[in-house]
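The next block holds one structure in the form of structure tokens; read it before the comments.
Every number here is computed from the coordinates shown, using simple stated rules; none is lab data. All figures in this text were calculated on a predicted structure; none of them were measured in a lab. Every residue, glycine as well, gets a Cβ built from its backbone with ideal geometry; the counts of neighbours run over all protein chains shown.
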Amino acid sequence: MYCERCNRLVYREKCPGCGRRDLRLPGSEDFCFLTEPEPLWTQALRDILADNGVEFLERNIYGVGQVKRTGLPERVRFFVRYRDYERAKELNGAFFSGSFEFEME
Ligand SMILES: [Zn+2]
């Protein structure tokens with residue numbers, strides 16, 4: 001199922017991110033949370049997805065202002081469309097051996 005608030009696929013009765021229960025089936029155009037790579041790999045993942053024609057969204061989890069203020073490394077969450085989700089997961093797994101998988105389950 002899919003949580004609209006968190007933009008993520010949910011494999012339980014309620015969303016572990018926000019606790020919502022009114023989940024729906026994902027549509028092929030819905031953006032789903034893919035992964036949050038180590039800052040070192042952010043650019044590489046962008047390239048891999050772009051090279052393979054996978055459309056993606058990025059969300060900086062701190063916000064740009066905060067990164068500048070604190071000097072924290074950029075942390076970015078990647079979202080891909082549901083129809084590309086399995087493929088994007090494979091691409092991500094093939095390159096990073098799944099070691100940077102950020103599981104929010
Ligand atoms: Zn949620």
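Quick check on packing: order 33-44, 15-26, 75-86 by the mean number of other C-beta atoms within 10 Å, highest mean leading. If you can, show how the numbers build up before the last one.
Details: 33-44: 16.8, 15-26: 13.6, 75-86: 18.3.
Those peptides, ordered most packed to least, come out 75-86, 33-44, 15-26.
In plain terms, the chain from residue 74 to residue 25 could stretch by 14.5 nm, reckoned as 0.36 nm per residue minus the Cα-Cα distance. Expressed as a whole percent, how much of the Cα-Cα distance distribution for the range 28-96 exceeds 14 Å? Across the range 28-96, Cα pairs with separations above 14 Å total 57 percent.
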